[in-house]
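Asker: I have a structure I would like to understand better, so I am pasting it below and will then ask my questions one at a time.
Any read-out appearing in this document is the output of simple, stated calculations on the displayed coordinates, not a laboratory observation. Everything numeric here is computed off the predicted structure, so don't read it as measured data. Please note: Cβ atoms are built from the backbone with ideal geometry, for glycine as well, and neighbour counts cover all protein chains shown.
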């Protein structure tokens, strides 16, 4: 066990987060998402599975160590609901609150159409597969920078 590190962050996820650089994207996806198929196209090449962890818990753990990009126009995105892109399911509202806390102020998530989300996830550094069973629990997080100490 490590002091000060959320136990949800297993060795594979910590490795990926440490290897990512400014502007790299991490896809956090729900249980229904084709994580293995998509992850095959990413830099990491295989999904990171967080068994028993829902999307909000996964995002909270990730953002406890990962800075959000402040240079990109849309550093956090969500998969839009098909035929209702303005809808915000409960899982997305929960993740929005976590993002806002981590960022220190409101940071609205960009909506990404479902098929465009699939393509952006293929271009991500890695895919984190959660056990989130609620629909549309899929998010893209863009890595920021650490300022000089």
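Asker: Under the Kirkwood approximation applied to all pairs of distinct alpha-carbon atoms, what is the hydrodynamic radius of the chain in Å?
Answerer: Over the chain, the inverse of the mean reciprocal pair distance is 15.1 Å.
Asker: Additional query: Is the shape of region 22-70 best called rounded, prolate or oblate, per the rule: a/c under 1.5 gives rounded, else a/b larger than b/c gives prolate, else oblate, with a ≥ b ≥ c the square roots of the Cα gyration tensor eigenvalues?
Answerer: Oblate, since a/c reaches 1.5 and b/c is not below a/b.
Asker: Given an 8 Å cut-off on Cα distances and at least 6 residues of separation, report the relative contact order of region 59-149 as a percent.
Answerer: Taking the mean separation of contacting Cα pairs over the length of region 59-149, I get 47 percent.
Asker: Continuing with this model, one more query. What list do you get for 141, 2 if you sort them by fewest beta carbons within 10 Å?
Answerer: 2, 141
Asker: For a quick check: sort 149, 64 by the number of other beta carbons within 10 angstrom, fewest at the front.
Answerer: 149, 64
Asker: Could you tell me whether region 1-43 comes out rounded, prolate or oblate from its Cα gyration tensor? Rule is a ≥ b ≥ c as square roots of the eigenvalues, rounded for a/c under 1.5, then prolate if a/b exceeds b/c, otherwise oblate. Can you show the working numbers first?
Answerer: On the way: a/c = 2.47, a/b = 1.46, b/c = 1.69.
Cα axes put region 1-43 in the oblate bin.
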